[in-house]
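Engineer: Okay, here's the structure, questions in a sec.
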Amino acid sequence: MTAIEFSNNLVSMKDNMERFALRLTYNKEEAKDLLQETYLRALSNRDSFVEFTNLKAWAFTIMRNIFINNYRKSVRESTAYDYMEKLSFSDSFKESQLAGPDSELAYKQINDGINELGDEFKIPFRMHVEGYKYKEIAENLNLKIGTVKSRIFLTRKKLMEKLYDYR
């Protein structure tokens, strides 16, 4: 298939692709952006399209993947985490509680329990509490996903033992 045929076939699916983009985004402007990005990605990756296969399915898969990646990116940006800062789950816990002697003591003990852990346990646990998925934590910390799951599980177990009175 020549580049012109490929482009013409892609453009002929515009109405279907617009409806699909609108169904994904529920917003006309975002749907237009998604459609434009899909065309750009499809045209720039034309060489990876296998001739005599379903062009429509290929283009719709590109659109769906772009939408999913953009959604994941927006979630990550809204739950940005800087584990070098002092702000953490325990800080947000403190702010959400009424200021009283019991809550101050509970906050201090929870925070102390977390801080007593080594960085190899503390950092993955705080990232998990902040909303990162296991895979994202593994990628950010250069660990295997099983290691991340194990460390988070062990951290929970240690905190539950240490803070038994707060169950």
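The values are calculated or read from the model by the stated rules, or taken from the named source; none is laboratory data. The model shown is predicted, which means the values in this text are computed figures rather than measured ones. FYI the Cβ positions are ideal-geometry reconstructions off the backbone, even for glycines, and counts take in every protein chain you see.
Engineer: Give me the pairs, please: first residue somewhere in segment 132-154 and on the phi < 0 side of the Ramachandran plot, second residue anywhere and acidic (Asp, Glu), beta-carbon distance under 7 Å, and either six or more positions apart or on two chains.
Structural biologist: What qualifies is Arg151/Glu120.
Engineer: Quick check: anything in segment 11-21 under 30 Å from Glu139 (Cα atoms) and either modelled with pLDDT of 95 or more or assigned to a helix (DSSP H, G or I) (or both)?
Structural biologist: Within segment 11-21, one or more residues are under 30 Å from Glu139 (Cα atoms) and either modelled with pLDDT of 95 or more or assigned to a helix (DSSP H, G or I) (or both).
Engineer: Tell me which of these Pro124 doesn't satisfy, since it passes every other one: (1) crowded, with 18+ Cβ neighbours inside 10 Å; (2) at pLDDT below 80.
Structural biologist: With (1) crowded, with 18+ Cβ neighbours inside 10 Å; (2) at pLDDT below 80 applied to Pro124, the lone miss is (2).
Engineer: Given the structure, is Tyr81 at pLDDT 85 or above and of a type in the set (Ser, Thr, Tyr)?
Structural biologist: Working: at pLDDT 85 or above: no; of a type in the set (Ser, Thr, Tyr): yes.
Answer is no for this residue.
Engineer: Out of the residues in segment 22-56 meeting the condition of being surrounded by fewer than 12 Cβ atoms within 10 Å (Cβ to Cβ) and not in a helix (DSSP H, G or I), tell me which one is nearest to the chain's Cα centre (by Cα). Let's see the steps before the verdict.
Structural biologist: First pass over segment 22-56, keeping only residues surrounded by fewer than 12 Cβ atoms within 10 Å (Cβ to Cβ): 23, 26, 28-29, 36, 44-45, 47-48, 50-54.
Keeping just the survivors that are not in a helix (DSSP H, G or I) gives 26, 45, 50-54.
Numbers: Tyr26: 20, Asn45: 25, Val50: 31, Glu51: 34, Phe52: 35, Thr53: 32, Asn54: 30 Å.
Among them, the one singled out is Tyr26.
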